[in-house]
Amino acid sequence: MRDLDSIPESPPAELRFRRRLGLVSTSVELWTNREVVRSLADRDFRARYKQAFLGVAWAVINPLILALVFTFTVRRFANVETEGVPYIIWAYTGLVAWGFFSGTATGATNCLVNNQALLNKVKVPRETFPAAAVVLAGIDTAISMLGLAVIFMIYGRLPHTQAVWVPVIFLVQLVFTVGVALIVSIVVVYLRDLRQIVPILVQIGLFATPVAYNISQLLSPGWRLAYSFVNPMAPVIDSYRRTILYGYPPQWLYLGAGALTSLVLLVGGIRIFKRLEAGIADLI
Amino acid sequence: MPTLSNGRIEVNRVWKRFRADRRRPMLAEQLALAVRRAKRDNPWRWVLRDLDFTIEPGEAVGIVGTNGAGKSTLLKILTQVMYPTYGGLTVGGHVGALIELRGGMHMDLTGRENSLLYGSLMGIGRKEIARRFDDIVAFAQLEGAIDRQVKFYSSGMQMRLGFAVAAYTNPHVLLVDEVLAVGDAWFQQRCLDRMREVVQQGTTLVLVSHDLASVQAMCHRGLWLQNGMLTDDGPIREVLTSYRRSVEEFSSEHLGHGGSVGVLKVEVGGEDGRLLVSHERLEATIELRSHERSRGRLYLGVSEGPGTPTLLVSTEAILEEGDTKVTCRIDAVPLPKGRYYLWMCMESVDDDQLIPWHPAGTFDVFGPDLDWAPLGIVRLSPVHVRSNWEFVESNGHE
């Protein structure tokens, strides 16, 4: 038996527990657990559409309805410059891109909080949960892009060759979206109010981002650059339209500004996530 | 990180603290917290203090302790879902946890979909789990229901599915938390059987349970946690003996008050004051004081510590006002060598507690030890009986 009185009141400071928080080790760990990400995304995808009569069609119907609403509201009262592209295509393109971001943000808000029981019991890198939220939103977006293809066919149009830039634009959007997902998913564990706040912010974002309107009609170039730093989704959506619909290359200045913000957000997001993640099991 | 041989656990001066006031993660609380932090008023509470031990590969270790002693926290740290505040730990190889997973299931998915998910969360691929799938389904007894949505399962079926996946992950270290508290008797035995298989394959086992009999049946070594401190670490029988003794001491401080009949004196021993030996007569002498004429039933129980007796005797009793000396003799006591506790109570005809159920004294029995039970077989209470064995060869050779 141990003499319990020999145990000090508090531990010596040099014993403080430390973990590796590096960017590289985080990425490697996430990659080795890609199958977990797949399983989580697979589970949520199946669960989401399991008992819906229209099933995955909702991924198309959702942006389509919004595009129609915009047609009958924004389009009617404002003269939106679309360079001759039918407004419904123009709006739907923006909504598909926006849907990937908003779907991720909403999914990430709940991904850790809704999986408390797992997080408390199974050792699995916590990054896999926001990663799965990103993948899940990506699947939905891919399905809604099928809807875009159908609309293109109905109007007898083809994407312009400038659409080769789309992967680059998507990379900027992905970096931004993952950064937001990491921050939101972990901070909500400590601040449950965020569960209410995030949906409101996403709704505001839909109108603060040029999804339904053309930003070049509203802001001067200088202000557009400043706004691209604040909201990277603005140059991202504008670039998608320029390349796919108009046939111009992206405006690199604005996209670059958005990319810079996105990168800062991603690096900061990983830092914040790893720092706060250690306390999850203590809290939930 | 230094590599560690598979199945070895090194816990190196681990400390863990929680906030004493379980803060809720809401905006207002966080603000209040920030204010308090600024005032340097941090109400931390240590739940684990300076734990320091090593578990070798293949050991079967039981962790015992009262509620709130820190067992579950320790297990979470070993599972590595929770990090220590101070100190360090290394666990060699793959860790599996046999724990209640029901809460983590997705109700809208089928049993099959859920088990594939758990498999990959626990580090085994979809292919691997598909290969063991039949074993898992058979273990959980879900043959007809595996493709049904989990929300249509009974709670027992949900629990069995959770365990079954965990039980077939073949880890280097298996952590088990209170499995034996859930499921019916038959399923409990299957869990014990599975644990035994795993231990025989050389897996390290760490078992947390309040069911001391099964801890004793599964484990060779015991760790006793008390208020977050490691009080005892040694062979399971010795650790359990001292743990039971402390439980009894605690009970006797907190029970045994408030009846209308007082217990003045209790003596237990062999016949005519001799030492008590197994299979001889036990004699208990009890002096009672009653303030009025009381009628009821007097119970005497013998246990290894907790208030669940191995054997129990009772008699009709009428106590006149004043003091009464009661002598109870039990012939041929079937107890093996050890220290036991005499519990007693008295209930009136209309179920009033004249004496509450409480440990009234201890006594020692001298004699033979119990025979060993096979690994994984739970012997509920220590009863010693004499046995005779005869082997007759009858293989046909004249």
Task: Stretchable slack from B:THR66 to B:SER154, in nm (0.36 nm times residue separation minus alpha-carbon distance) - done: 28.6 nm
- [ ] Pull up all non-local amide H partners of B:LEU98: gap of 5 or more, or a different chain, and H-to-H distance under 5 Å with H placed in the peptide plane.
- [x] B:LEU175, B:VAL176, B:ASP177
Task: Theoretical FRET efficiency, 1/(1+(r/R0)^6), r = Cβ-Cβ of B:ARG131 and B:ARG297, R0 60 Å, to 0.05 - done: 0.50
TODO: Apply the Karplus parameterisation 6.51 cos²θ - 1.76 cosθ + 1.60, with θ equal to phi minus 60°, to every residue of region B:342-356 and state each ³J(HN,Hα) to the nearest whole Hz, in sequence, with x for glycine and proline.
DONE: 9, 9, 8, 7, 9, 10, 6, 4, 9, 6, 6, 7, 6, 10, x
- [ ] Go through region B:373-379 residue by residue and turn each phi into a ³J(HN,Hα) via Karplus (6.51, -1.76, 1.60, θ = phi - 60°); whole Hz please, and just put x for glycine and proline.
- [x] 8, x, 4, x, 9, 8, 9
- [ ] Find how many whole Å separate the alpha carbon centroid of region A:85-139 from the alpha carbon centroid of region B:104-119.
- [x] 20
Open item on the list: So if I take the centroid of the Cα atoms in region A:143-160 and the same for region B:136-210, what is the distance between those two points in Å?
Closed with: 51
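Show me A:221-231, A:122-132, A:39-49 ranked by packing, highest mean number of other Cβ atoms within 10 Å first. Mind dumping the intermediate values first?
Details: A:221-231: 15.4, A:122-132: 22.6, A:39-49: 19.2.
Highest mean packing first, the order is A:122-132, A:39-49, A:221-231.
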Task: Label point distance in nm, B:LEU275-A:VAL164, each placed 7 Å from Cα along Cα→Cβ - done: 9.8
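How high is the FRET efficiency between A:TYR246 and A:LEU225 when r is their beta carbon distance and R₀ equals 22 Å, given to the nearest 0.05?
Values: r = 20 Å, r/R0 = 0.91.
That pair, A:TYR246 with A:LEU225, gives E of 0.65.
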Open item on the list: For chain A, take the longest principal axis of its alpha carbons; what is the angle in degrees between that and the long axis of helix A:128-154, to the nearest 10 within 0 to 90?
Closed with: 10
Task: Of all DSSP beta bridges in the protein assembly as shown, antiparallel share, percent nearest 5 - done: 80
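Which FRET efficiency value, to the nearest 0.05, is calculated for A:ILE204 and B:THR90 with the Förster distance at 41 angstrom and r the Cβ-Cβ distance? Write out the running numbers ahead of the final one.
On the way: r = 48 Å, r/R0 = 1.16.
Calculated transfer efficiency: 0.30.
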Task: Principal-axis tilt of helix A:194-208 within chain A, Cα atoms, nearest 10 degrees - done: 20
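For each pair in A:LYS274/B:LYS151; A:LYS274/B:LYS76; B:LYS76/B:LYS151; A:LYS123/A:LYS274; B:LYS127/B:LYS151; A:LYS121/A:LYS274, compute the distance between the two Cα atoms and list the pairs where it is over 24 Å. Write out the running numbers ahead of the final one.
On the way: A:LYS274/B:LYS151 34 Å; A:LYS274/B:LYS76 19 Å; B:LYS76/B:LYS151 27 Å; A:LYS123/A:LYS274 15 Å; B:LYS127/B:LYS151 26 Å; A:LYS121/A:LYS274 19 Å.
Too far apart for the 24 Å limit: A:LYS274/B:LYS151; B:LYS76/B:LYS151; B:LYS127/B:LYS151.
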Open item on the list: If I model a spin label as a point 7 Å beyond the Cα along the Cα-Cβ vector, how far apart are those points for B:LEU380 and B:GLN200 in nm?
Closed with: 2.5
TODO: Rounded to whole Hz and in sequence order, give me ³J(HN,Hα) for region A:155-172 from the Karplus expression 6.51 cos²θ - 1.76 cosθ + 1.60, θ = phi - 60°, writing x for Gly and Pro.
DONE: 8, x, 10, 10, x, 6, 5, 4, 4, 4, 6, 3, x, 5, 4, 5, 4, 4
Open item on the list: Please compute the average number of Cβ atoms from other chains found within 10 Å of each residue's Cβ in peptide A:42-55.
Closed with: 3
TODO: May I ask you to list the trypsin sites (Lys or Arg not before Pro) in region B:277-324 that are in a DSSP loop and have at most 14 other Cβ atoms within 10 Å of their Cβ?
DONE: B:ARG293
Task: Peptide B:313-323 - average C-beta neighbours from other chains (10 Å radius) - done: 0
Task: Under-5 Å amide H pairs with A:ARG16, H placed in peptide plane, nonlocal only - done: B:GLY87
- [ ] Would you calculate the separation in nanometres between label points at A:ILE61 and B:ASN388, each defined as 7 Å from the Cα along the Cα-to-beta-carbon direction?
- [x] 8.2
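When only Cα pairs under 8 Å and 6 or more residues apart are kept, what is the percent relative contact order across region B:9-248?
Relative contact order for region B:9-248 comes out at 28 percent.
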TODO: Rank-order B:139-149, B:220-230, B:109-119 by packing density, defined as the average count of other C-beta atoms within 10 Å over each peptide's residues, highest first.
DONE: B:109-119, B:220-230, B:139-149
TODO: Identify which of A:THR141, A:THR106, A:THR73 has the largest mean-square fluctuation in a Gaussian network model of chain A, with springs joining Cα atoms closer than 10 Å.
DONE: A:THR73
- [ ] Would you be so kind as to identify all helices of chain B, as entire DSSP H runs, whose Cα atoms reach 20 Å or more along the helix's own axis and whose mean Kyte-Doolittle hydropathy is at least -1.0?
- [x] B:185-200, B:236-254
Open item on the list: Counting only other chains, and only Cβ atoms inside 10 Å, what mean value do you get across the residues of A:112-124?
Closed with: 6
TODO: Given the peptides B:48-59, A:91-102, arrange them by the average over their residues of other C-beta atoms within 10 Å, most packed first.
DONE: A:91-102, B:48-59
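All of the numbers you see were taken from the coordinates with simple rules; none came from a lab. For clarity, every value in this text was computed on a predicted model and none was experimentally measured. Here the Cβ is made from the backbone with ideal geometry for all residues, glycine too, and neighbour counts use every protein chain on show.
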